[in-house]
Amino acid sequence: MKQPKPEQYHEKKRHTEDQFPYNTYLCTIPDDFTEVPVHWHEEAEFIVIQKGSGTVFVDLTHYHVTAGDIIIVLPGHLHAIREISGQKMEYENIIFRPELLCSDNHDVCFEKFLYPLFSGQIHTVVHIHPRLSYYPKIHDLIRTMDQLCSKKPAGYQLALKGSLFLFMFQLLSLDDKKELSNIQQRSLDKLKFIITFTNEHLEESISIRQIASACYFSESHFMKFFKTHMGISYIHYLNDVRLAHARNLLVSSNLSILEIAQKSGFENASYFNRKFKDKYGITPRQAR
């Protein structure tokens, strides 16, 4: 198997439009999906919890979140969203590309503040909750941006960019001074490798031996490493990614269910049907 290149360690799907790279949408777990598998991308993302509770994973930390909480995910950071059994969570995603705020001239705002923030040289808070003294300022900016996107008055893009600049100012003032150790950074890099390797070979049969070898780990060390950092086994993760890929193909393509199963790495159609129903509560045919 070909090993993925470092620059391929991320989700390449764009979540925004090129002309004004800012987007917002609402999701509900488990109604829309039971989880968002771990991934990373080049956009910045704010996860704003509206109702209920759940778990958000960012880099090597799991956060229990409830209504009102805000999770900050800057570009390049691993993150996932998971259901808490028996509970529902409604949340808003705000996603934008850094170039929305970065001028071509690379002025002082870019050089001194935005680039260090977006590239990870400056570390800011991840979990913002209502009990924090600065929460009202952050929450008010989120509410302002939502209102602008909802009403879209003439020139709203100007006001939206202004609000984002104020948001970045608040984040910079909350620099938590925490830096990843070399060991933590190596663990994150290895997780990114595993995620990309999995996605690039999704149609193939991936054994623990193969993925462990690609990581230069023994099988036992690989399984312990993955479970420690991700909270689930690799086989569980692999099946989740394959099922999510299959579900997307079911609604976005005209491929047969057998073809979709094969393109998602399931060699046995009956096994695919059973796992899909276990995961989503409906059959693949009902998902179309």
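Values in this text are rule-based calculations from the coordinates and carry no lab data. Model, not experiment: these values are computed from the prediction. Cβ sites come from the backbone with ideal geometry, for glycine too, and all protein chains shown count toward neighbours.
The length gained by stretching the chain between Leu202 and Gln121 to full extension, at 0.36 nm per residue less their Cα-Cα distance, is 25.9 nm.
Computed from the Cα positions only, the extents of segment 87-224 along the three principal axes stand at 56, 37, 35 Å, in decreasing order. Applying a threshold of 28 Å to the alpha-carbon distances of Lys88/Lys277; Lys88/Lys275; Lys88/Lys190; Lys190/Lys263 flags Lys88/Lys190 as lying beyond it.
Distance distribution note for segment 33-135: the fraction of Cα pairs above 20 angstrom is 42%.
Packing here is the average count of other Cβ atoms within 10 Å per residue, and on that basis the peptides 191-203, 148-160, highest first, run 191-203, 148-160.
Between the helical axis of 135-151 and the longest alpha-carbon principal axis of the chain there is an angle of about 80 degrees.
When the alpha-carbon atoms of segment 87-146 are used, the pair Rg, Dmax equals 14.6, 48 angstrom.
The modelled label-to-label distance for the pair Ser103/Leu255, using points 7 Å beyond Cα in the direction of Cβ, is 4.7 nm.
Helix 269-280 and the long axis of the chain differ in direction by around 30°, with both axes built from C-alpha atoms. Quick one: net charge around Leu250, please, counting Lys, Arg +1 and Asp, Glu -1 for every other residue with C-beta under 9 Å from its C-beta. Overall, the nearby charge balance is +3. Per residue, the convex hull spanned by the Cα atoms of segment 201-280 measures out at 94 cubic angstrom. Remark on segment 138-288: Rg and Dmax equal 21.7, 59 Å (Cα only).
Summary of the geometry: segment 216-263 and segment 195-213, compared by the centres of their Cα atoms, lie 9 Å apart. For His129 and Ser220, the FRET efficiency from 1/(1 + (r/R0)^6), where r spans their Cβ atoms and R0 equals 45 Å, is about 0.75.
When you filter the GluC sites (Glu not before Pro) in segment 211-284 for DSSP loop state and at most 14 other Cβ atoms inside 10 Å of their Cβ, you are left with Glu267. The long axis of helix 156-173 is offset from the longest Cα principal axis of the chain by roughly 90 degrees.
If the chain linking Thr144 and His77 were pulled fully straight, counting 0.36 nm for each residue of separation and taking away their Cα-Cα distance, it would gain 21.5 nm. Packing around the peptides 248-254, 125-131, taken as the average count of other Cβ atoms within 10 Å per residue, puts them in this order, highest first: 125-131, 248-254. Directionally averaged projected area (the chain, Cα convex hull): 16.7 nm². For segment 208-279, the set of chymotrypsin sites (Phe, Trp or Tyr not before Pro) satisfying both a DSSP loop assignment and a count of at most 12 other C-beta atoms within 10 Å is given as Tyr216.
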